Amino acid sequence: MQRRRRNRIAVGNHKGGSGKTTTVVHLSAALAEMGKRVLVVDLDPQANASRRLGVPFRTEQPVPTTAEVIRDASPGVAAQAIRPCGWDGPYTELISVIPSRF
């Protein structure tokens, strides 16, 4: 059985204002438009990528975030934190997010 190749792209820079969130959001949209599935793991404590992708943290409906995933580290906890993108069209089916919390 042939395994599918899965590419991983990491965008990081310690400097604020360098365009990391904008790059991730636009790159995920472009990949989704090409029919690719995307998982955005938001590690930013300001949660800008989560909010821009339509997955804001709501105190009345809390969901696991990257903080809980890292803290727990048990098998399967990351899968429980995955949420669909809040955008319409092909994005909802193709972009998933492990959100961060502000």
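The values are calculated or read from the model by the stated rules, or taken from the named source; none is laboratory data. Note that this is a predicted model, so its numbers are computed, not measured. All Cβ positions, glycine included, derive from the backbone under ideal geometry; neighbour counts span all protein chains shown. These accessible areas exclude ligands, DNA and RNA; they are computed on the full protein's heavy atoms, side chains included. Shrake-Rupley method; radii C 1.70, N 1.55, O 1.52, S 1.80 Å.
Over the chain, accessible surface divided per residue gives 74 Å², non-protein components excluded, 1.4 Å probe.
Per residue, the convex hull around the alpha carbon atoms of the chain comes to 124 Å³. Carbon and sulfur together cover what percent of the accessible area of the chain at a 1.4 Å probe radius? Taking all protein chains in place, the chain shows 52 percent carbon and sulfur surface.
What the phi angles of the stretch 54-60 give under the Karplus curve with 6.51, -1.76 and 1.60, with θ = phi - 60°, is a coupling list of x, 10, x, 7, 10, 5, 6 Hz, glycine and proline written as x.
Packing, taken as the mean count of other beta carbons within 10 Å per residue, orders the peptides 58-70, 7-19, 40-52, 81-93 from highest to lowest as 40-52, 81-93, 58-70, 7-19.
Our coupling estimate for the stretch 84-91, obtained by passing each phi through the Karplus curve with A = 6.51, B = -1.76, C = 1.60 and θ = phi - 60°, is x, 4, x, 8, 7, x, x, 5 Hz, Gly and Pro reported as x.
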